[in-house]
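Asks: Quick one: the structure is below, questions incoming.
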Amino acid sequence: MPHHLDRMAEDLVKAKMENYWPGFELVAYAIYDKSNVYLFNHPKFSNNPSCTYHMWDTEFTADTIIMYEEYPTAIVNMDHYKEYEDLFSMLVHELFHGYQYIKDEKRFPDEMMGITYPLSKENVELRNQERANLYCAMLENNLINKKQYLNAFIALREKRAAKIEEYLTYENFIETIEGPAWYVELKAYSEKSPLDYDSVLKKYAQQLINKYESTSSIRSSCYSSGLCMCLLLEELSPGWMESFFDREDTLYDLLKQQSGDYIEHSMADVKISPETEEVINFAIEKRMKAFEEFNEQAGIHLYIEGKMTAKSFDPMNMIPLEDRLLHKSFIKVRMNNEDFLIQQPVIAHVDHGIQNINKLHLIIENEPFETNDWLTIDGVGEIKGRYKKQENIWHVLI
């Protein structure tokens, strides 16, 4: 077993986790690479108090929370992290998602909102102004000035809500789910890192004021705004975490309760800056470039067509463009009443929701191998279907 896993098992105990969040309960967790899985704290394997070793299988994909042997289990790929503090803090992040499961968290976003999120000039302009004020509120030491920045942030968000209310709900829910996970991750990272706290804080909060990245990746940009809200609540409302899971309020609702009066403005007051134009063009071009780079890969273009259902995917590594989704890391789909895990970039053509797929497009190195009505496809497996072939393009009908 890698040497740092012993240290991790010592660091990941309930007493220490409560320094990050009161009542933080640990679910099972697993550290894995492409060959091995090291499983800890799982009730089904309680006869081994330290660690249970398993060979890798397809359930262990990405850094996330899964139901392993019917119990929530945080999983992290150790190959993705060089430094102990990075691996440890990411595991704390995923363990917090397990804690949310235990606490029966229900404030989850509708991911479809992220796919159809509008990159209108007014919304992007206001959103970037809003994030700048939130960033300043977090760093400001003077309480009067802090409240002024906070009130400006709230006024701008309320202004956006008047136009895109359902999308603001999406942002509020992501902040509420991922902000606290980033909050405990920051605390864990700061505890293990040689960097001072202010440097760690700026490292995590930097995304708040990166207009290009926050507009290109709406979902992930809500992590930093959610984190910032947690830090402001820690300062303005000590003990706010105690009842967090007993209420329906989002982080934004809680923070709004700490504000004073804010001035409402109409959308007609919005002046679009030249930078906002650049930011939107950058975001759209970045999406288009990702699809172009996918299509330019060397190999055989394979299209699987028919009724399919997305069973799991990584929303952090998913790029939307019209009715297509580029899954950059993996997707698990059900076709022909069987689940297939595809661990490579793949484009899903969707219809009426991100789970309803009518076509998959992937690029493979070797031609599919045919046996009667079955095709063996690299990166997919054996599927039953008819096919037609033209040069290096295959169409498989399931």
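The values are calculated or read from the model by the stated rules, or taken from the named source; none is laboratory data. This is a predicted model, so every value here is computed, not measured. Cβ sites come from the backbone with ideal geometry, for glycine too, and all protein chains shown count toward neighbours. Quick note on the areas: whole protein, heavy atoms, side chains included, nothing else; ligands and nucleic acids left out. Shrake-Rupley method; radii C 1.70, N 1.55, O 1.52, S 1.80 Å.
Asks: Please report, in debye to the nearest 20, how large the charge dipole of segment 69-201 is about its Cα centre when each Lys and Arg carries +1 at its beta carbon and each Asp and Glu carries -1 there.
Replies: 720 debye
Asks: I've got another one for you. For segment 181-283, calculate the relative contact order in percent as a whole number, restricting contacts to Cα pairs under 8 Å that are 6 or more residues apart.
Replies: 29 percent.
Asks: Which pairs, out of Lys159/Lys211; Lys187/Lys211; Lys106/Lys359, put more than 21 Å between their alpha-carbon atoms?
Replies: Lys187/Lys211; Lys106/Lys359
Asks: Could you check how much of the accessible area of segment 314-398 is carbon and sulfur, as a whole percent, using a 1.4 Å probe?
Replies: Whole-percent figure for carbon plus sulfur exposure: 42.
Asks: Once you sort the root eigenvalues of the Cα gyration tensor of segment 29-151 as a ≥ b ≥ c, which label holds: rounded (a/c under 1.5), prolate (a/b larger than b/c) or oblate (the other case)?
Replies: prolate
Asks: Next up: With charges only on Cβ, +1 for K and R and -1 for D and E, what is the dipole size of segment 320-398 about its Cα centre, in debye, rounded to 20?
Replies: Dipole of segment 320-398, to the nearest 20 debye: 180 debye.
Asks: Give a residue-ordered list of calculated ³J(HN,Hα) values for segment 86-100 (Karplus: 6.51 cos²θ - 1.76 cosθ + 1.60, θ = phi - 60°; whole Hz; x for Gly, Pro).
Replies: Whole-Hz 3J(HN,Hα) from phi for segment 86-100: 6, 5, 5, 5, 5, 5, 4, 4, 5, 5, 5, 4, x, 5, 4.
Asks: Dipole size in debye (nearest 20) for segment 38-128 around its Cα centre, Lys and Arg Cβ +1, Asp and Glu Cβ -1?
Replies: Computed charge dipole of segment 38-128: roughly 220 debye.
Asks: What are the GluC sites (Glu not before Pro) within segment 332-377 that DSSP puts in a loop, where the Cβ has at most 11 other Cβ atoms within 10 Å?
Replies: Glu365
Asks: Same structure, new question: Beyond 19 Å, what share of the Cα-Cα pairs of segment 60-110 is found? Please give it as a whole percent.
Replies: For segment 60-110, the share of Cα pairs beyond 19 Å comes to 31 percent.
Asks: Carbon and sulfur: what percent of segment 191-277's accessible surface (1.4 Å probe)?
Replies: That fraction is 46 percent.
Asks: What accessible area, in Å² to the nearest ten, does a 1.4 Å probe give for Trp56?
Replies: 70 Å²
Asks: Shape call for the chain from the C-alpha gyration tensor, a ≥ b ≥ c root eigenvalues: rounded (a/c under 1.5), prolate (a/b greater than b/c) or oblate?
Replies: Here the chain falls in the oblate category.
Asks: Just flag the GluC sites (Glu not before Pro) in segment 1-58 sitting in loop per DSSP whose Cβ has no more than 16 other Cβ atoms within 10 Å.
Replies: Taking segment 1-58 and a limit of 16 other Cβ atoms within 10 Å, the loop GluC sites (Glu not before Pro) found are Glu18, Glu25.
Asks: Tell me, what is the per residue accessible area of the chain in Å², probe radius 1.4 Å?
Replies: With the other protein chains kept in place, the chain gives 48 Å² per residue.
Asks: Averaging sequence separations of C-alpha pairs under 8 Å and six or more residues apart, then dividing by the length of segment 263-367, give the relative contact order as a whole percent.
Replies: 28 percent
Asks: Only bridges whose two residues both fall in the chain count here: according to DSSP, what percent of them are antiparallel, nearest 5?
Replies: 85 percent
Asks: Can you tell me, using C-alpha contacts under 8 Å and at least 6 residues apart, the relative contact order of the chain as a whole percent?
Replies: Over the chain, the number comes to 12 percent.
Asks: Of the options Val124, Val380, Trp394, report the single residue whose Cα projects farthest towards the positive end of the charge dipole of the chain (beta-carbon charges: Lys, Arg +1; Asp, Glu -1).
Replies: Working it through, the farthest residue towards the positive pole turns out to be Val124.
Asks: Do any trypsin sites (Lys or Arg not before Pro) in segment 60-120 lie in a loop, going by DSSP, with at most 13 other beta-carbon atoms within 10 Å of their beta carbon, and if so which?
Replies: Counting only loop positions with at most 13 other Cβ atoms within 10 Å, the trypsin sites (Lys or Arg not before Pro) in segment 60-120 are Lys82, Lys103, Lys106.
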